[in-house]
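The values are calculated or read from the model by the stated rules, or taken from the named source; none is laboratory data. Bear in mind the structure is a predicted one, so any value in this text is a computation, not a measurement. Cβ atoms come from the backbone with ideal geometry, glycine included; neighbour counts cover every protein chain shown.
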Amino acid sequence: MIKALGASQGIAIGKAFVLPHWEWELPDQKIDVADLAKEFDRLYEGIRRSKTEINQMKTELDEAVGSEEASIFDAHLAILEDPVFMNEIQGIIQRQYKVAEVAVKEAIDHFVTMFDLLDDEYMKERALDIKDVGNRLLKHLLGAPDIALPEDTQPFVLVVRELSPSQLVHLKPELVLGIVTMVGSPTSHSAIMARAFGIPMVMGVEGKLEQTIGTGDLLIVDGGTGMLQVDPTSEMVSRYTEMRKRQIALREQLLTIVEVPSVTQDGVSLTLAANISSLKELEAALSNGAEGVGLFRTEFLYMDRNRFPSEEEQFEVYRSVAQKLNGESLIIRTLDIGGDKQLDYYELPEEENPFLGFRAIRFSLERKDLFKTQLRAILRASYYGDVQIMYPLITSVDEIREANEVLAEAKRELTEEGIAHRSDIKAGIMVEVPAAVAIADLLAEEVSFFSIGTNDLIQFTLAVDRMNEQISHMYEPYHPAILRMIRTVTNAAKAQGIPVSICGEIAGDVNALPIWLGLGIEELSLSAQAILPVKESMLRTRASDSRKLLEEMFRCKTAGEVRALANQFHAEAALAPGNVQRLM
């Protein structure tokens, strides 16, 4: 059994189809000066055909999973129009008298090597985009065929060193049971697409395999735990087949409580809102019973394109989400770029530690022109629903006041222009750094609400990069320090009379539910897939029991002790007679 990195949840059992590396036989020849024009014509025709093919794939993907996921291919089109990439190819043809396909291959190798040397996960992912686009262009220059499917065309588990979005589309996602990649990141375009298609996926198995996986080998992929098993025993196949059946059955059972109110057995309500980054994710969240949107990640509107989105483009998206929510609240987080989220068209400064650098609200306050454009779009959308604004990575009162000054200026402009908007729009913050926790009482006086961003709060408080395999085990959501920080923020919010919600992966952990009920949290912001499991657990839980349990947790000295109490509580609640059948 191999422990990989889970990138898309679910279990897949099937035979492997190993996708070979792109290998091209390139002509070893030079061209004459008289043939330069002909070679440039071949290059431009290859670019034209590549663009046509990419646009066709984008249209097909848009129909299958939505425009946000399909916009991945906008980045590919941008590469074909990028003057630096094109100048490199043209320069090799003109200066070295090499044929177009050789020039393209050398340009790909040059940029991929350059990006791979950077200690930046985002740039490594962009290197894969360049390879994908370059290989498409090579395919047209060489007249090579598309990827060949297995002859029997039966569903398969795809195994590949690294997967590009266009490879996944060409291979027909409906035939792909699961995906295994040797390298990659959960934030890569292929991982995003796998999740959109609902295909289980694991990554990062390079160096962990005891044997080479061959086409036809039987595999088990568990994208939830990140487990990969090659040539499993019949007993393992039976066990995971049953697990898969239970997952499907549980999913069907959970769908029966979509309309059931999220209320504990002793009558305490907890709003279950959604985390989204696109309209497609909103649809999934609503189908899972989401009560509003607790976090709209707007940075994805800025990524995988060749320029900043205009006010009108943003307004249309925000308005569409607000209208679909029919009065439920929509909390829009302002641009949280930087760290592991970079832009193809705007060069952020190179930093030793970008997660502690020029990102989120710091970027917005430096580029107030872009910030105001986004705030104007949000304000205009607020006319169509209960829209609220949330500032990320706040560390001081000064940042809130400076941000609100830009917000006030945007309101004045819209009023002068006669454009409808809500002048009383609520503005809150994400509490995700220890500094914000320490002055939570001061911050609470400046804002309308808190959202505790647990992912970054845990990472910053414990000084643990959870993507670092050597120390990821130290990333501990149940650490006593984290519980105390959340309590401090919650008490400060209550003292000021403002609401506080929990956001981050631990919000979707059913074992953590008694913590939120014990603290009196009124809202969780979750991924679409986590909403129904948390609701089902709520229907079996008593808030009064949670408060008693929380008192015990605060007496614990280790994360292990806290986690053990939480697990035991959840297990006992699961065995107790529940509300689910009574309310169905």
Matching residues in the stretch 271-286 (at pLDDT 95 or above and surrounded by fewer than 21 Cβ atoms within 10 Å (Cβ to Cβ)) number 1
If you take the residues in the stretch 517-529 that are free of Cβ contacts under 8 Å to residues at least 60 places away in the same chain and assigned to a helix (DSSP H, G or I), which one is farthest from SER451 (Cα to Cα)? GLY518
When the stretch 257-278 is examined, which residues are found to be touching a helix residue (DSSP H, G or I) at 6+ places or on another chain (Cβ under 6 Å) and within 28 Å of GLU313 (Cβ to Cβ)? ALA274, ILE276, SER277, SER278
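So if I check each of ILE389, ILE361, ILE400, which one is closer than 15 Å to ILE331 by Cα and touching a residue at least 40 places away in the same chain (Cβ under 8 Å)?
Testing whether each residue is closer than 15 Å to ILE331 by Cα and touching a residue at least 40 places away in the same chain (Cβ under 8 Å) leaves just ILE389.
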Verdict on ILE425 being modelled with pLDDT under 95, over 25 Å from LEU549 (Cα atoms), out of contact with any Pro (no Cβ under 8 Å at 6 or more places or on another chain) and of a type in the set (A, V, I, L, M, F, W, C): no
Looking only at residues in the stretch 392-434 that are more than 30 Å from PHE460 (Cα to Cα) and of a type in the set (A, V, I, L, M), which one is surrounded by the most Cβ atoms within 10 Å (Cβ to Cβ)? ALA410
Residue list for the stretch 344-373, filter: within 20 Å of ASN306 (Cβ to Cβ) and more than 21 Å from the chain's Cα centre (by Cα): GLU347, ARG367, ASP369, LEU370, THR373
Would you call MET538 in contact with a helix residue (DSSP H, G or I) (Cβ under 9 Å, 6 or more places away or on another chain), of a type in the set (A, V, I, L, M, F, W, C), in contact (Cβ under 8 Å) with a residue 12 or more places away in the chain and crowded, with 20+ Cβ neighbours inside 10 Å? yes
Hey, does the stretch 477-489 have a residue that's at pLDDT below 95 and either buried (at least 18 other Cβ atoms within 10 Å of the Cβ) or over 14 Å from SER501 (Cα atoms) (or both)? yes
Complete set of residues in the stretch 228-262 that are buried (at least 17 other Cβ atoms within 10 Å of the Cβ) and closer than 21 Å to ASN288 by Cβ: ARG244, LEU254, ILE257, VAL260, SER262
For residues that are surrounded by fewer than 24 Cβ atoms within 10 Å (Cβ to Cβ) and not charged (D, E, K, R), scanning just the stretch 521-531, find the one that is nearest to VAL500 (Cα to Cα). ILE521
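So that you can scan it fast, the table gives a plain yes or no per residue for (1) assigned to a helix (DSSP H, G or I); (2) over 30 Å from VAL447 (Cβ atoms); (3) modelled with pLDDT of 95 or more:
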site	(1), (2), (3)
ILE502	no, no, yes
ILE506	yes, no, no
ILE515	yes, no, yes
LEU532	yes, yes, no
LYS557	no, yes, yes
ALA573	yes, yes, no
Acidic (Asp, Glu) and within 18 Å of LEU565 (Cβ to Cβ): is that true of GLU476 in this structure? yes
So which residues in the stretch 516-563 are hydroxyl-bearing (Ser, Thr, Tyr) and within 26 Å of the chain's Cα centre (by Cα)? SER525, SER527, SER537
Can you find a residue that is closer than 21 Å to LEU483 by Cα, in contact with a Pro (Cβ under 7 Å, 6 or more places away or on another chain) and part of a loop (DSSP other than H, G, I, E, B) anywhere in the stretch 448-465? yes
Options PHE315, PHE308: the member that is assigned to a loop (DSSP other than H, G, I, E, B) and either without any contact (Cβ under 8 Å) to a residue 24 or more places away in the chain or surrounded by 18 or more Cβ atoms within 10 Å (Cβ to Cβ) (or both): PHE308
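Using the structure shown, decide if GLN470 is more than 24 Å from VAL263 (Cα to Cα), free of Cβ contacts under 8 Å to residues at least 12 places away in the same chain and surrounded by fewer than 16 Cβ atoms within 10 Å (Cβ to Cβ).
So GLN470 fits the description; yes.
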Inspect the stretch 210-221 for any residue being closer than 30 Å to SER278 by Cβ and modelled with pLDDT of 90 or more and give the result as yes or no. yes
Looking at (1) modelled with pLDDT of 80 or more; (2) surrounded by fewer than 19 Cβ atoms within 10 Å (Cβ to Cβ), which is the one condition that is false for LEU348? (1)
Being touching a helix residue (DSSP H, G or I) at 6+ places or on another chain (Cβ under 8 Å), closer than 26 Å to PRO499 by Cα and assigned to a helix (DSSP H, G or I) is the requirement here; does LEU286 meet it? yes
Do we find a residue being of a type in the set (A, V, I, L, M, F, W, C), crowded, with 17+ Cβ neighbours inside 10 Å and under 30 Å from GLU522 (Cβ atoms) anywhere in the stretch 364-374? yes
